[in-house]
1. Grab the Cα-Cα distance for K171 and A154, subtract it from 0.36 nm times how many residues apart they are, and report the gain in nm with one decimal.
2. Going by average Cβ neighbours within 10 Å, how do the peptides 76-83, 474-481 rank, with the highest at the top?
3. Taking 0.36 nm per residue of sequence separation and subtracting the Cα-Cα distance, how much length would be gained by fully extending the chain between M348 and H186, in nm to one decimal?
4. What is the percent carbon and sulfur in the accessible area of region 352-411, measuring with a 1.4 Å probe over the protein chains and ignoring ligands?
5. Based on the Cβ-Cβ distance of Y456 and Q400, what FRET efficiency does E = 1/(1 + (r/R0)^6) give at R0 = 35 Å, to the nearest 0.05?
6. Over region 394-492, calculate the relative contact order: mean separation of alpha carbon pairs under 8 Å at least 6 apart, over the residue count, as a percent.
7. Going by average Cβ density within 10 Å per residue, which order do the peptides 106-119, 25-38, 449-462 take, highest to lowest?
8. Rounding to the nearest 20 debye, state how big the charge dipole of region 40-154 is about its Cα centre with +1 on each Lys and Arg Cβ and -1 on each Asp and Glu Cβ.
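The values are calculated or read from the model by the stated rules, or taken from the named source; none is laboratory data. Keep in mind that what you see is a predicted model, and the values were worked out from it rather than measured. Positions of Cβ are backbone-derived with ideal geometry, glycine not excepted, and every protein chain shown enters the neighbour counts. The protein model used for the area step is the full one, side chains on, heavy atoms only, and it has no ligands, DNA or RNA in it. Shrake-Rupley method; radii C 1.70, N 1.55, O 1.52, S 1.80 Å.
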Amino acid sequence: MSAEPMPTPVGSMSDGADDPQMKSRYDPTVVIKAAEAKQQAGDVPGAQMMYRSALLDWIDDAREGTDLGIHPDHIRHAIAALWIAYARLNRDSNMSKSALEAYEEAVNCQIAGSTGEIWLEYAKFQEERNRHRSAQKVYLRALVGDDTSAAAVADEEDRERLWKEFLKLMKEVNNNPSLTLEELRHAVDEEHVAIMKQKRPHSTEPETDTSPVMIDEITEPAVKRIRPDDVEMASPVPFSGAISAQVVESEAMSLMNMTQLAHNELAAAWLARDGDAPPTRPDPPLFSPSPPKLGDPSGSDLVGNEIALMLNQSLLKSSDGDISGSIILDVCKGCWMMTALKEKEISMALSTLDAKLASDLEKLEANLSARLSVAEAAASAVEAINESERSQFLVTCSYQRQQLIDFISWEFRQLLGMQQQLLTAAGVPGFNGLSVDPNTLKLQARVCAFMHSAFYIRSRISEEPHLNMLKSQAERLKKKMSQTPIQQSSASYSTGPPTGMAFTPPPGPAPGGFQQPPSMHPSFQQQQQQQQQQQQQQQQQ
């Protein structure tokens, strides 16, 4: 029941003065084909990310009011096409809530929100879900407005198309095939528009301008997303070589491409680890919601002296202008926020599904009770049928919830892979690309626990005191390592720490998850003594 594409106004896309290179840059078919390829490969989050990234870039370009070298209507219709394709992706993936949010974002978009095709797609989406009242509200918002805003669509051809589709809907809903367009318009004026005027009786302000927002009229957006091209270096950053905005953008694109290419490798590694078991979330996660409580602020009780020394030194300054430590903490904080946002998104998805299933169960029970109340002599047979339908429904509910849980597990696995790539690129000790090895994940979670504590402490006591604290800890670790011989751990890692990062267990029992060599373990020595005593007793007997 999807709407047919609206015809593009003749001459609105190009008047012969468009730059072909810029026009191809804002070609929505290129993004849509790439996203559809990801969707067919089963990478729905990747397809979503592709749409979101393109929309943010294009909307930013349009809002900045710069000379794009193409007609403003071209980029407006291109952005509208991306919004529609993005909403369809969510709809086709059975993510109705995400699709609804996408449509709402689209109709509220400052650039493309006045495009009639978006409103028509939104209304048809509501009709597909049998939410005719919601679809009616969408048509009314587009054509005459609501309590807070005037009509969203101003183009006459778009409005004519919307009125015709609105008429079809009202004929079907009211079962009135003789309803005419004039009668519908009159009813809207008498009821909807009159009610709006009553709610705003003292308003003396003129009607809101419903004409499309011209891109070249937008000179200063309210909120502007920071992009690499906008970065201006006030003073040279003390790294090796000058860093320009082009270098930053190139590195960002390289990192994104590397993450996308590693998707299949990561999926294969997890499938091999799962076997025939259902997928589960990575455990432990790299970051916890709250800052961890460290027994030793240097982190030696978590990862040993040598890695702890590397972690502390990585956050220190080699010179007054060195900001590498601050960058590492910012990257770690960003990864922690990624985890928090994903947790919030997943919690909302589970709550929405549970609420829907509970509502559906309540409706089913009401229908079953109504059926049983009129069964009379066939009550026992009807009760058996009801029980069968109830059992089938509960099985379906369980299957739907398990599907969502499996999807959530893969979402967190992809998040883990992205975080591993980011932390590897930032040079965080303990990270060397992708890994699903349990021992490696435990080590990385402990490294992140130290980093989490570090950026939390720095935010509380400021940079200079924190640097002094790190310097003192590093000196103490150096002194401890010079006095204590380094012991090698028998634990092995699939990817392993970077070269030269031997794991040094702290004195006493090893932390949970990291085992000492068997010959060094106290319980192993006790077992050996018991066996020797038993052998001596047997010989005496």
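1. On the way: separation 17, 0.36 × 17 = 6.12 nm, distance 2.44 nm.
Once the chain is fully extended between K171 and A154, it gains 3.7 nm.
2. Result, highest mean first: 76-83, 474-481.
3. Working: separation 162, 0.36 × 162 = 58.32 nm, distance 4.20 nm.
Extra length from M348 to H186 when fully extended: 54.1 nm.
4. That fraction is 60 percent.
5. Numbers: r = 39 Å, r/R0 = 1.10.
For R0 = 35 Å, the calculated efficiency reads 0.35.
6. Contact order relative to length: 16 percent.
7. Highest-to-lowest ranking by the protection proxy: 106-119, 449-462, 25-38.
8. Working: 12 positive and 17 negative charges, 113 e Å.
Magnitude of the dipole: close to 540 debye.
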